[in-house]
Amino acid sequence: MSTTAAQPRNWKVPALWLGGFVLFALFITLNKGLTTFLTYFLLGLPQGAVIALIAVGYSMVYGIIQLINFAHGEVFMLSTMWVLMLVKPPANAGPSYYVITAAVGIMFFCTAWVLFSRFPNRFLQGLAALVIGVGAALLNAWIMPKAGAEPRLGFFAACAVAIAYSCCLGVTMDLVAYRPLRASPRLIPLITAIGLSIFFQNFAQSIWGSANQYFPAKATPEFFSGDRLQLSGPQGIFWRSETATLEVSRLDVVIVALALALMTGLQLFVQKTRTGKAMRACAQDRVTASLMGIKVNNVVALTFALGAGLAALVAPLYVLRGTPISPQMGYLVGILAFSSAVLGGIGNITGAMLGGMVIGIISAFVPLFDALDTFAWFGAAEKAGWITRAGYSQFVSWYGKPGQYQLGVAYAFMILIIVFKPTGLLGKASAKRA
């Protein structure tokens, strides 16, 4: 989605970087073997899928209202916190139970207020929203386990509730924080987004604490912890081999499959439905779309809800991969997702998906270079006198191993792309309307 008249896309730079990836794949394969390359590639796919779905939220919002919603990563974080509170009873009773219940009521009230905006009477609109908000708060009070009690919901039911909460949070953020600033200079909503991010981090820390947490083992489905799928090896699904074994976890397969399904569904929704057409119209020109009868504010609220829902769908699965739940987890993932959106072309949904996959795969390959002295080329360079193991060891002792710079390498790659193609991999050169 773009707000400007687009010119034909230049594919030269994307083709150049695709060629670079092929050369990189050949380099890894020749030095460490095809199995090693595929192993790290498969490790990067689920990471990239998660980042891509979060990046889509950034791109959709920016495509319509030109806002970088820096609080989007915290929505991802809060969705994991909500699942945690539903499947793991708190150790001690406290005010958190009532604070969360009140917050849920407020979020549903705001969402209902937007949904019922067509009501001709403001009193009826407010009354209907109040009933839904109070009902949601009472329902949360019933399903949320108190200290020492057994959880009422299973893992998947808790995930469904967290998705609903996240969608409502997205709508609430737009209604309360961003809609009043729609006509303000672009810097003001940006500062507001940063403030929201900090507020949500502190809110989560005050409710759930700052320590790393995980979902209880008894609450997580056994399917995800079952035997790994053997793609190649003695019992390989795709090919049999007695020497090279290539495995992937069931959880990673689910994450990638879910992400692909969601991305496909989102593209069909945006391109084929009336609501999607309204979103594209608002992205081109909000004023004209409003004159054509499109409820721009409702479209923007839906965009926030969609972005939040996509992030919440994969957030619990991301935690099951071993990432601890903490108030700061959304910041790092959010920055990676924002970088992915910029890399793919901010405002371009397909570009955000591609950028997320690229960032995830690059991050996965960086730790492979911790053992750089085991590469085949290292031995050849040593024989030629270009490098020594003692010198390499000294370099590592000074600057550390490459695996410590995963995020830095991903950002450096993004900057390199932007230098040569400022609009991103799939971004379009555009000209302002007259």
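The values are calculated or read from the model by the stated rules, or taken from the named source; none is laboratory data. Everything quoted here is computed from the prediction, not taken from an experiment. Cβ atoms come from the backbone with ideal geometry, glycine included; neighbour counts cover every protein chain shown.
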Reported set for the range 207-224 where residues are without any contact (Cβ under 8 Å) to a residue 40 or more places away in the chain and either closer than 15 Å to Phe155 by Cβ or assigned to a helix (DSSP H, G or I) (or both) is Ala217, Lys218, Glu222, Phe223
Can you tell which of Leu153, Leu169 is touching a residue at least 60 places away in the same chain (Cβ under 8 Å) and in a helix (DSSP H, G or I)? Leu169
What is the one condition in (1) outside any helix (DSSP H, G or I); (2) loosely packed, with under 15 Cβ neighbours inside 10 Å that Leu124 does not satisfy? (1)
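So which residues in the range 65-86 are of a type in the set (Val, Ile, Thr) and modelled with pLDDT of 90 or more, if there are any at all?
Pass one, the range 65-86, residues of a type in the set (Val, Ile, Thr): 65, 68, 75, 80, 83.
Answer for the range 65-86, where residues must be of a type in the set (Val, Ile, Thr) and modelled with pLDDT of 90 or more: Val75, Thr80, Val83.
Quick one: would you say Val314 is part of a helix (DSSP H, G or I), closer than 16 Å to Gly63 by Cβ and of a type in the set (Val, Ile, Thr)? Before you say what the answer is, go through the steps one by one.
Working: part of a helix (DSSP H, G or I): yes; closer than 16 Å to Gly63 by Cβ: no; of a type in the set (Val, Ile, Thr): yes.
No: the conditions fail for Val314.
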Checking Gly293, Gly347, Gly351, Gly360 in turn, the sole residue that is on the phi > 0 side of the Ramachandran plot, modelled with pLDDT of 85 or more and either touching a helix residue (DSSP H, G or I) at 6+ places or on another chain (Cβ under 9 Å) or not aliphatic (A, V, I, L, M) (or both) turns out to be Gly293
Looking for something within 26 Å of Glu222 (Cα to Cα), modelled with pLDDT under 95 and either of a type in the set (Asp, Glu) or touching a Gly at 6+ places or on another chain (Cβ under 7 Å) (or both) - is there at least one such residue anywhere in the range 121-143? no
Filter the range 27-55 down to residues that are touching a Leu at 6+ places or on another chain (Cβ under 6 Å) and either modelled with pLDDT of 90 or more or among the charged types (D, E, K, R) (or both) and give me whichever is farthest from Phe338 (Cα to Cα). Leu53
Which residue pairs have Cβ atoms closer than 7 Å, lie 6 or more positions apart in sequence or on different chains, and pair a first residue in the range 409-434 that is at pLDDT below 70 and surrounded by fewer than 20 Cβ atoms within 10 Å (Cβ to Cβ) with a second residue that is of a type in the set (Gly, Ala, Ser) and not in a loop (DSSP other than H, G, I, E, B)? Lys428/Ala6; Ser430/Ala5; Ser430/Ala6; Ala431/Ala5; Arg433/Ala5
Taking the stated definitions as given, is Trp377 more than 30 Å from Val50 (Cβ to Cβ) and either at pLDDT 80 or above or touching an Asp or Glu at 6+ places or on another chain (Cβ under 9 Å) (or both)? no
Suppose we filter the range 343-398 for residues that are outside any helix (DSSP H, G or I) and within 30 Å of Ile418 (Cβ to Cβ); how many remain? 5
